[in-house]
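Before any comments, here is the structure.
Each reported figure results from applying straightforward, stated rules to the coordinates on display, with no laboratory input. Predicted, not measured: the structure shown is a model, and the values here were computed from it. Reconstructed Cβ throughout: ideal geometry from the backbone, glycine too, with neighbour counts over all protein chains shown.
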Amino acid sequence: MDAGNSTQLSAELSRETPAVDRPAAAFALDKDLNIRDAVRYGNLPGHIDLDNNARGLRQSSFLDRPEIKTAVQDAFDQRSSQVRFSVEIDDRRYCYDLYCFTGQDSDNSSVQCFLVDRCRDEETAFRLQNRINGLDIINQAVRAFAETNNLTEILRIILLAVTSGPGMGFNRGFILLLDESRQFLHGCLATGPSSPMEAGEIWKSLSSSQLSLADVLRLYRTGENSTDTYVNQLVASLKIPIADSSNFLTRAFEERRALAIGTETTLNDEEKKIKEKLEAESLAVAPLISRDNWLGVIIADNQITGKPISSSDLKLLEIFARYASDAIDNTHLYGRLQRKIARLKEANDKIMRTRENLIRAEKWSSVSKMALEVAHEIRNPLTVIGGNANARLRKIDNDPENQRILEIISKQATRIENVLNRFSSIVSLGEKEESNFKIRELIDETLRTMLSDDSQAMPELIIDDNIREGRIMIDQGLFYKAMMAIFKESASIAGGLSGIKLHLKKQYDSALILIGCDNDSENFAGRFFNAMRTKQGELRSQEITVAFEILQHYKGDFGIGSPEGLKGWLAVEFPLIKEEV
Amino acid sequence: MKRILIVDDEEDIRCLYQSELEIEGYDAFSVSSGNEAMAFIDQNSNLDLVILDIKMNEVDGLEVLENIRTRTNKVPVILNSAYSTYKNNFTSWLADAYLVKSSDLTELKDKVKELLTT
C-alpha cells in the first residue's frame, strides 16, 4: 500500500468511524506475515510494535499467536475475520481487536488489517466487574445479616465480608462500637492473621477449599475467634473517648465517609497511638452510622501483604459500612423490641394472675357472704319454731297426738340446725385446691393483686433469709381472701396500701407476717382491732371474721407481734411445711 | 330474783327467751334494739345479766356490748347470735360468753345459771 492508498484508507476509515470503532492502526500483511504499509492513527499501548516503515515489524510478538495466524489465513481464503487478543505487561492488560479483510491486490498477495484499541473497553469492563463483585459482596452480606439478630454474629459477618478472599480481601478487620453511655469507642471484634506466616497458612487453606463468600459467611459466622486471638487482643485494648477527641475515627463520622490513613506525618499523637495499638501502617476507616446515630467504625488494613488501599476499596468499604450499620442497628432495635415484648408478656401474665386471684377471692367472698346470710336468716326462725316446740312439749301431758307432732317439729329443727352448723364455716364450703406455695410469693401476689395499677407503690416488705424458701400448704384463693381482708383493713389504718410495712420472718415452725405502719406504729394492732367493730347495719368485720376462720382452718393464728425493737404490730401466723430431710 | 335483759330485734325470739327464763325463775325483760337496750341499762342499774343479739338495726350488739363495758365489767353479757362466725371476732371477746342461737335453749339456760352463780 503506497502513501496514496494509505490516505485513501484513512479517508475510508474516517468515514467508517461513526459506524465502527476507530482503528489505532492499519496495515497490510503478506502470506509470510510481513507488515506493509502500516499507518498508525493513535497510541498503541502495550508495546505493540508498529511503524510506518515496517521495519522490525516481524518481531511484533502478537503476530505469532495462533489465533492471529488463523484470522489472517481466513482473510487470504476470502473470508473476513476478527480476533481479540491481549498483551499483559507489568500486571496490566492491553486489549486489541484485529480485523482482517481480503486484500485488493490482484494476485491475492496480501490482506488488509485494522487494529482497534480495546484497552478502554477492557478497563471499563474490569471496573464494571469490580462493581458487580462489590455489589455481590454487599448482597451476600445483607442476605446473611437478614438471617440473624445476634449482634456478635452480625459483627462476624461484617469482618468476614471485609477480610475474606471472595469478599473485599483486606488482610485484617477491626470493629469498634460506641458503648451505651456513648462516651467511648470500644474495640469489639477483629479478624485476621497475626503474622505473614499465619496468613500464608490460613489463605492457603482457604484458597484450596474454593469457598464462595456465601459459603464463608455460612461456615464461619458462628465460629469462635480462636485463630484470631492476637488481633482480638489488639482491638480489645482500644477504648477511645469520643468527646473532645480529634482523630481519624471521629473524623470519619463527622465527614460521613471512609478515610484512608497512611504514613502521613500530619497524624496527631492520638492517631499515631491508635495505629500503634493496631500495629497498622496504613488503614481504611469507615464509619458505622444508622439513622444519623454513630454506632462505631470498621477499620481494615493490608498489614500482611502491604497492598495499597485503592480508592475503589475505600469506596466499597464505605458503602458496605452503611449496610452493616443498618444490620447492627436492627439488632439493637430487635433487642429493644424483645425486651419490650418480655415486659408486655410479664404485664399480661400479671393481669391474668390478678384476674384469677380476684375471681378466686371473690368466689370465696360471695360464698361466705351467702352462707352467713342464709345461716342467719334460717337460724332465727328455726330457733323460734324449735324453741317453742320444746317449750310446749314440756307443758303438755296426756296429749300423745300433739306430743308426737311437737317432738317431730323439735327433731326436724335440730336436724336443720345441724346442717347449718356444717355451713357455719365458710372454709367447709366449696372445693379447695390445696397445694404448697412459697409464702413470700403468696404475699407478693396478694399485694400486687390489690394494687390497682403499676404506678402504685408496693408496701415495704422485709423477708428474713431463713423464710425465703418457706412453704405453706393452702388453697391459694383462701389465702388471698384472708390476707386481702387483713391488708385491706391495715391499709385503711396506714392511709393506703403503700403505707403498710411488712416483715416476714420464721418463728419455730411457723411463718409470721408482721404488719405495721410508720405513723402511730406502736398502736397499729389496737387501731386494727378497733377498726374491726361492726358498723350500723353492716357486717364490716365479716371479712376479717372469715379471714380468722381461714387462718384457723389452716392451723394459723392471729394476734399481736412485732419485729425486734418495735411494738404494737399485728401478727399473722401460718404453719410452715416441715422441710424434708 | 335475778334480773335479765334480753336484747333482740326478733319479737318471737324475745318472747321465747323471756318465757323460758321466767319459767327458770328469773325476772326477764326484753327490748328490740341497741338504743333501747342502752336506755334500759341507764335506767336500771341493778341488772344481773344481759343476753345480747348482734345483728340489729341502727346500733348493733357489739356496740351495745362495748358501751356496757365502758360503764361496768360487773354485768355478765351473753352474746347470742345466729352468726357462728362472730365467735372469732375480737370484740366479742369482751363478752362473757358467745352462744349460737339454737332451738334447744338448754345451753343458754346453763350458761345463764353459770354466770349468775359465779
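Values for this structure:
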{"item": "Per-residue HN-Hα couplings for region A:158-168 [Karplus 6.51, -1.76, 1.60; θ = phi - 60°; Hz; x = Gly/Pro]", "result": "4, 5, 5, 5, 6, 9, 6, x, x, x, 6"}
{"item": "Evaluated at q = 0.21 Å⁻¹: base-10 log I(q)/I(0), Debye formula over Cα of region A:104-149", "result": "-0.78"}
{"item": "P(r) tail fraction, region A:121-183 - alpha-carbon pairs more than 17 Å apart, %", "result": "52 percent"}
{"item": "Gain in span if fully extended, A:D32 to A:E356, counting 0.36 nm per residue against the direct Cα distance", "result": "106.3 nm"}
{"item": "Neighbour count of at most 15 Cβ within 10 Å plus DSSP loop: longest GluC sites (Glu not before Pro)-free window in chain A", "result": "A:282-430"}
{"item": "Along each principal axis, Cα extent of the protein assembly as shown, largest first, Å", "result": "169, 63, 49"}
{"item": "Principal axes of region A:322-364: Cα extent on each, largest first, Å", "result": "62, 7, 5"}
{"item": "Neighbour count of at most 16 Cβ within 10 Å plus DSSP loop: longest GluC sites (Glu not before Pro)-free window in chain B", "result": "B:59-118"}
{"item": "P(r), alpha carbons of region B:1-78 - 10 Å bins starting at zero, rounded %", "result": "21, 57, 22, 0"}
{"item": "Region A:267-331: C-alpha gyration tensor shape, a/c 1.5 cut-off, then a/b vs b/c", "result": "oblate"}
{"item": "Signed unit charges on C-beta, dipole axis of chain A, positive-most listed residue A:S195, A:L98, A:L151", "result": "A:L151"}
{"item": "Proximal charge balance of B:R71 [Cβ under 14 Å; K/R count +1, D/E count -1]", "result": "-1"}
{"item": "Per DSSP, loop trypsin sites (Lys or Arg not before Pro) in region A:145-208 with at most 15 further Cβ within 10 Å", "result": "A:R182"}
{"item": "Shape category assigned to region A:231-342 from the gyration tensor of Cα positions, a/c cut at 1.5", "result": "prolate"}
{"item": "Karplus (6.51, -1.76, 1.60) ³J(HN,Hα), θ = phi - 60°, over region B:6-19, in Hz, Gly and Pro reported as x", "result": "9, 10, 7, 7, 9, 4, 5, 5, 4, 4, 4, 4, 4, 4"}
{"item": "Between 0 and 90°, nearest 10: helix A:119-145 axis offset from chain A longest Cα axis", "result": "10 degrees"}
{"item": "Computed magnitude of the charge dipole of the protein assembly as shown (debye, nearest 20; Cβ of K, R +1, Cβ of D, E -1)", "result": "220 debye"}
{"item": "Sequence-separation-based contact order of chain A, relative, with Cα cut under 8 Å and 6+ spacing, percent", "result": "7 percent"}
{"item": "q = 0.17, 0.24, 0.33, 0.34 Å⁻¹: log10 I(q)/I(0) that the Debye formula gives for region A:147-186, counting C-alpha atoms only", "result": "-0.54, -0.82, -1.00, -1.02"}
{"item": "Listed residue (A:I359, B:A39, A:I132) projecting farthest to the positive dipole end of the protein assembly as shown, Cβ model", "result": "B:A39"}
{"item": "Most positive-pole-ward Cα, A:A252, A:V116, A:L211, against dipole of the protein assembly as shown from beta carbon charges", "result": "A:L211"}
{"item": "Computed FRET value (nearest 0.05) for A:Q82 with A:S312, which takes r as the C-beta separation and R₀ as 25 Å", "result": "0.20"}
{"item": "0 to 90° range, to nearest 10: angle between helix A:311-395 axis and chain A longest Cα axis", "result": "10 degrees"}
{"item": "With Cα atoms, 0 to 90° folded angle of helix A:66-76 axis to chain A main axis", "result": "50 degrees"}
{"item": "Equivalent ellipsoid dimensions for region A:280-438 as semi-axes, Å, which come from the Cα gyration tensor, largest first", "result": "93, 12, 8"}
